[in-house]
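One structure is given here, and the rest of the page talks about it.
The values are calculated or read from the model by the stated rules, or taken from the named source; none is laboratory data. Here the structure is a predicted model, which means the values were calculated and not measured. All Cβ positions, glycine included, derive from the backbone under ideal geometry; neighbour counts span all protein chains shown. For accessibility, only protein heavy atoms count, side chains too; no ligands or nucleic acids. Shrake-Rupley method; radii C 1.70, N 1.55, O 1.52, S 1.80 Å.
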Amino acid sequence: MSQPSVILATAGYDHTIKFWEAKSGRCYRTLQYPDSQVNRLEITPDKRFLAAAGNPHIRLFDVNSNTPQPVLSYDSHVNNVMAVGFQCDGNWMYSGSEDGTIKIWDLRAATCQREYESRAAVNTVVLHPNQTELISGDQNGNIRVWDLTANSCSCELVPEVDTAVRSLTVMWDGSMVVAANNRGTCYVWRLLKGTQTMTYFEPLHKLQAHDGYILKCLLSPEFCDPNRYLATASSDHTVKVWNVDGFTLERVLTGHQRWVWDCVFSVDGAYLITASSDNTAKLWSMSTGEAIKTYLGHHKAVLCCALHDGAESSPS
C-alpha cells in the first residue's frame with residue numbers, strides 16, 4: 001500500500017478510526033477500536049504509525065498496511081488516556097491519563113520507562129520543543145513542568161484554583177505556552193530560559209476566549225511564520241482564531257452543530273481540521289474562515305483528529 005502524502009485520521013465514540021483523503025473527503029480505511037472510545041490520535045514523525053489513546057490502553061497502528069490489528073499495545077494506565085505524543089525522532093512516546101500519571105514509553109518495546117505523578121486527572125501533556133521537558137495540565141488546575149534530564153518536577157503553576165486545565169500548547173520555537181481552561185480562559189506565558197534547564201514562565205496575557213469550555217488550544221506551526229495564530233476550540237460550537245501579536249480575534253469558524261473537541265493545523269498553517277460532537281470533522285481555510293470540506297462517516301461524536309501533511313522526519 002503506497003503511503004499518501006497527507007495522512008488525516010479521525011476517531012471518537014463510535015469505536016472506529018477513519019483515514020480520509022483530505023481533499024476529496026473520501027474515507028479510504030476504517031479501523032475498529034473495540035475496547036473503548038478514542039480520546040486522542042497522534043501520528044509518528046516518520047508518518048509510519050498512528051497512536052490511538054483510549055480507556056485505558058494506547059494502541060499503535062501501521063498507517064501503511066491494511067492490517068486491522070494494532071502493531072503494539074501500551075497497557076499500564078488504569079483510566080482514560082487523554083494525551084499522547086512523540087519525541088521528535090520517534091524514539092519514545094509520552095502519555096497522560098485520568099489515572100493521574102504521565103508516562104514515557106519505549107515505542108518499539110512498548111514498555112513504560114518512566115512515570116510521573118500529577119496527583120489529579122491529567123487532561124493534557126505537551127513536549128517542549130527542546131525535547132527535554134514535558135508540560136502537563138490537570139483537572140485540579142495545576143500546570144507542571146517535568147524535567148526529563150533531572151527526572152523531576154521543576155516548576156508548578158496554578159493559573160486558576162480548582163479550574164481544570166483542558167489543553168496546553170507551546171510555540172514551535174519554545175517562546176510561549178498557552179493553557180486553556182474550563183471557564184473559557186486562555187493564560188499565556190512567555191517562556192524564559194533560566195540558568196539551569198528549568199523553564200521560567202513570565203505572565204504575558206489573559207484571554208477570555210469563549211463563554212463555554214475550551215476543549216483544545218493550539219498555536220500555529222513554524223511554516224506559518226511570520227503569522228502566528230492561536231486556535232481555540234470550544235463547547236460553544238465554534239473555533240476562534242487569534243493573532244498572537246496582541247491576541248486580537250482574526251476569525252470565528254462557525255459550522256459545527258455541537259462541541260468542537262479537537263483541531264490541528266496543516267504544516268503551513270493555511271488550513272485547520274476540526275473534530276466535533278456533531279459526528280463530523282471539517283477542513284477550514286484559514287484565509288477565508290470557510291469550511292471547505294466536511295468528513296462524513298462517523299455515527300457518534302468525533303473527539304480527535306490527526307494530520308501529517310509535512311515531510312516525514314527520519315530518525316537521526
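Were the residues from residue 183 through residue 227 laid out at 0.36 nm apart, the gain over their Cα-Cα distance would be 13.1 nm. The modelled label-to-label distance between residue 32 and residue 175, using points 7 Å beyond Cα along the C-beta direction, is 5.0 nm. Ellipsoid semi-axes for the chain, based on the Cα gyration tensor and the rule √(5λ), read 26, 24, 18 Å when sorted largest first.
Each Cα pair under 8 Å and six or more residues apart adds its separation to the average, and for the chain the resulting relative contact order is 14 percent. Each Lys or Arg adds one and each Asp or Glu takes one away; over the other residues whose Cβ falls under 13 Å from the Cβ of residue 43, this sums to -2. Computed from point charges on the beta carbon alone (+1 for Lys and Arg, -1 for Asp and Glu), the dipole magnitude for the chain about its Cα centre is near 580 Debye. For residue 193, the accessible surface of its heavy atoms amounts to roughly 120 Å² (probe 1.4 Å, protein chains only, rounded to the nearest 10). Take the chain with all the other protein chains still there, run a 1.4 Å probe, and you get 40 Å² of accessible area per residue.
Using a probe of 1.4 angstrom, how much of the accessible area of the range 143-272 is carbon and sulfur, in percent?
Numbers: 2780 of 5620 Å².
Carbon and sulfur together cover 49 percent of it.
Once you've got the Cα coordinates, tell me which of 206/293; 216/300; 103/216; 18/206; 47/293; 103/293 are over 31 Å apart. From the list (206/293; 216/300; 103/216; 18/206; 47/293; 103/293), the Cα-Cα distance tops 31 Å for 206/293; 18/206; 103/293.
For residue 290, what accessible area in Å² do you get when you roll a 1.4 Å probe over the heavy atoms of the protein chains, rounding to the nearest 10? Estimated to the nearest 10 Å², residue 290 gives 110 Å².
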